[in-house]
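Since every read-out is calculated from the coordinates, none of them should be taken as a lab result. Please read these numbers as outputs of a predicted model, since none were measured by experiment. Every residue, glycine among them, receives a Cβ derived from its backbone with ideal geometry; neighbour counts consider all protein chains shown.
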Amino acid sequence: MAVKKFAIACYDDEAPLFDAVHKVRHSGYKLHDVYTPFPVHGLDQAMGLKETDLHVAGFIFGITGTSTALGFMSWIFTSDWPINYGGKPFFSLPAMIPITFELTVMFAAVGMVLTYCYLNQIMPGVKKHVFHPRQSDDLFVVVIEVTEGTDEAELMNFLNSTNPVETNVQIAEEGWWYGRFDKEEEYQKQLA
Amino acid sequence: MHLKYESFIREPLVDGNKTYKDVTADICRPIEQKPSKLWYFGLVVSLLFLGFGAFSVFWEVYWGIGVWGINHTIGWGWDITNFVWWVGIGHAGTLISAILLLFRQHWRTGVNRAAEAMTIFAVMCAGQFPIFHMGRVWDAMYVLPLPNTRGPLWPNFNSALLWDVFAISTYFTVSLLFWYSGLIPDFATIRDRAKTKLRKRLYGLASFGWTGTAKNWQRFEALSLVLAGLSTPLVLSVHTIVSFDFATSVIPGWHATIFPPYFVAGAIFSGFAMVNTLLILVRKIYRLEEYITMGHIEAMNKVIVLTGSIVGIAYLTELFMAWYSQVVYEQEAFKWRVLGPYWWSYWAMMTCNVVSPQFFWFKKLRRNIVFSFILSIVVNIGMWFERFVIIATTLYRDYIPSNWSYYSPTWPELGFYLGTFGLFFTCFLLFSKYFPVIAIAEIKFVLKTTGDKAHEDNLALEEKSLEEFIHIAEHAH
């Protein structure tokens with residue numbers, strides 16, 4: 001992706017965080033993202049994010065599992081190799097229910113987790129820029145993109161007026177790449 | 001922004017006036033410290049058991065099932081007893097993670113990570129038994145519906161034993177996915193705190209590059225909810241299918257419709273007891289009593305007394321139905337269970353499963369750590385006897401008296417069972433050293449509404465008048 005400049009403001013409590021997010025959205029600055037150590041309810045609405053459609057993927061995968069199981073077993077028992085098991089009927093729906101149910105759940109779960117990883121862009125070997133080491137510990141980090149048209153001094157004044165614990169400006173790679181977290185990246189060697 | 005309000009009179013879920021920083025520091029402490037001598041000792045003992053188990057299994061695969069004590073009459077002995085025992089234990093983890101999430105029981109956050117890990121390791125142990133009891137283990141692939149050069153020859157989808165294969169595989173996969181997806185943010189926390197290059201690299205790999213954006217968390221919660229919704233019927237169906245291994249047969253004492261609910265209640269019963277056993281040790285050894293509080297232990301003890309009573313009612317129902325049905329084979333089956341040469345196992349089962357959990361009706365005993373620990377072990381022993389009674393003491397007196405026999409386990413069977421304990425504790429010790437035993441992000445999520453500090457603040461709020469309270473609530477974010 002691209003290397004860009006970002007300004008961050010860190011908060012240690014939810015109240016100033018929501019305050020800041022509201023102000024940023026009304027200010028016209030470009031809100032890149034908000035990093036939190038745990039899910040904060042109400043933050044997606046405050047940021048104007050849409051609801052996720054992940055459950056739809058789960059449903060589709062589940063239906064695939066049901067049809068695969070029922071279809072496959074029916075084909076085997078009626079067409080490919082019907083066997084007379086103790087006089088039981090060739091097509092017996094009650095006997096096929098347990099496996100159908102299990103395969104539904106299996107397909108739905110595996111498919112949904114893979115979709116989740118794809119959407120969140122996470123995978124073993126993926127590396128992303130960590131704006132502050134405490135963003136997964138106890139700080140809520142609001143990240144604003146500094147474009148060519150942004151007055152950096154004005155932006156920093158604005159951020160400092162929202163009561164943050166810390167603010168700074170960083171150069172960072174947007175998005176993700178294949179990398180290791182124990183190695184420093186090229187762009188990190190450029191100071192802000 | 002917190003839609004949940006909890007009154008100060010409720011017991012706090014997190015003690016010690018913790019901040020978010022404290023939570024991270026406390027839970028990461030066992031991972032960041034060097035392991036104690038006790039940990040090394042436990043690991044060595046577990047590996048020894050595992051080694052003996054591996055040797056016993058090799059012996060059985062090489063020489064054949066004949067080295068076991070099973071015979072023509074009693075075709076299933078310790079192998080299937082242990083299988084059902086381990087699978088039953090595994091169900092508590094999923095129940096705590098999934099069902100308690102759907103019921104919005106926030107107390108699950110202190111125990112769910114360790115309970116889910118227990119589930120995965122228990123299912124791994126359980127899975128060994130159906131595989132190795134096949135004898136010709138090298139033909140195990142024929143159990144799966146894979147195209148082959150014999151027709152293709154497909155498995156019998158009418159068979160409860162095959163339903164089991166699908167159920168256990170699905171259960172293992174889904175539990176693993178649910179557990180790991182919850183671990184990803186916690187690995188990111190450990191990665192960001194890591195001091196050595198190796199840890200940064202390995203936890204970086206394990207964390208999948210997680211950074212914790214708002215959208216990521218939104219999807220995380222959606223995924224957790226749906227996986228919980230899938231796992232709940234999965235728990236119920238998997239142990240129902242395991243019960244079908246018996247219920248779909250024609251053996252008196254087995255062919256009964258009470259088996260599915262009886263088995264599911266029994267699984268939850270033994271699983272919660274095992275969770276208690278493990279967590280009482282974990283909280284003491286890793287000094288996490290402020291996160292795994294007495295309230296958590298008490299809640300689990302309440303579930304134990306509930307499910308133990310359900311299991312007791314199931315036993316009485318079986319006896320009643322044997323009498324009421326006037327089917328002489330059913331009546332004889334139970335007579336031989338209670339009064340025959342295996343009477344001692346039946347009475348061990350009754351004492352451990354029906355009588356002992358009743359002590360948990362008393363609050364003083366529910367909140368006593370030593371008593372809870374001892375009772376949790378008694379319950380697990382009782383549940384082992386239940387599976388043994390169902391299997392061996394039903395098979396040993398079947399329709400034809402000339403078939404009647406007796407079963408004693410041999411050393412390879414004992415070794416196999418001890419080996420699974422070795423596998424379980426090796427995995428659990430490694431888990432407790434390198435993985436966070438408590439869900440860090442989830443504890444932080446509930447800290448502001450259910451921690452002791454939050455309750456103290458709520459006390460101040462509750463002393464105001466109703467109008468003032470409404471005014472404050474309206475003007476919060």
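Data overview
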| read-out | value |
| --- | --- |
| Residue among B:TRP254, B:ASN156, B:TRP78 farthest towards the positive dipole end of the stretch B:20-450, charges placed on Cβ | B:TRP78 |
| 0 to 90° range, to nearest 10: angle between helix B:78-94 axis and chain B longest Cα axis | 20 degrees |
| Along principal axes, Cα extents of chain B, largest first, whole Å | 81, 53, 46 |
| Two-site FRET efficiency, B:LYS284 against B:ARG201, from Cβ-Cβ distance with R₀ of 25 Å, rounded to 0.05 | 0.15 |
| Cα long-axis angle, helix B:259-285 against chain B (0 to 90 degrees, to the nearest 10) | 50 degrees |
| Net charge contributed by nearby residues that have their C-beta within less than 13 Å of A:GLY149 (K/R +1, D/E -1) | -3 |
| Sorted largest first, extent of chain A alpha carbons per principal axis (Å) | 84, 35, 30 |
| Rounded FRET efficiency, nearest 0.05, which uses the C-beta distance separating B:LEU161 from B:ARG29 and R0 of 35 Å | 0.15 |
| Net +/- balance of residues flanking B:ASN301 in space, Cβ distance below 12 Å, scoring K and R +1, D and E -1 | +4 |
| Computed label-point distance, nm, for sites B:MET294 and B:SER36 using a 7 Å Cα→Cβ extension | 2.2 nm |
| Residues in the stretch B:120-151 reached by a label modelled at A:SER74 [backbone nitrogen below 20 Å; 7 Å Cα→Cβ] | B:145 |
| Cross-link pairs beyond the 25 Å C-alpha cut-off, checked among B:LYS34/B:LYS200; A:LYS128/B:LYS453; A:LYS128/B:LYS200; B:LYS18/B:LYS433; B:LYS34/B:LYS197; B:LYS18/B:LYS215 | A:LYS128/B:LYS453; B:LYS18/B:LYS215 |
| Distance-filtered residues of the stretch B:183-211 - backbone nitrogen under 19 Å, label point 7 angstrom along A:LYS4 Cα→Cβ | B:211 |
| Förster-model FRET efficiency, 45 Å R0, B:ALA54 and B:ASN17, C-beta, rounded to 0.05 | 0.40 |
| Neighbour count of at most 16 Cβ within 10 Å plus DSSP loop: longest trypsin sites (Lys or Arg not before Pro)-free window in chain A | A:51-179 |
| Between helix B:37-63 and chain B: long-axis angle, C-alpha atoms, 0 to 90°, nearest 10 | 30 degrees |
| Label point 7 Å beyond Cα of A:TRP81 along Cβ direction - residues of the stretch B:129-150 with amide nitrogen under 14 Å | B:141-150 |
| Of all DSSP beta bridges in the protein assembly as shown, antiparallel share, percent nearest 5 | 95 percent |
| Potential lengthening between B:TYR434 and B:SER408 on full extension [0.36 nm per residue; Cα-Cα distance subtracted] | 5.3 nm |
| Helix-only CD estimate at 222 nm, as mean residue ellipticity for chain B, using -39500 (n - 2.57) per DSSP H run (n ≥ 4) | -23000 deg cm²/dmol |
| Extension gain (nm, one decimal) between B:ILE65 and B:GLN331, 0.36 nm per residue minus Cα-Cα | 92.5 nm |
| Potential extension, B:MET321-B:ASP457 segment - 0.36 nm per residue separation minus Cα distance | 43.4 nm |
| Neighbour cut-off at most 15 other Cβ (10 Å), DSSP loop, GluC sites (Glu not before Pro), the stretch A:83-157 | A:GLU148 |
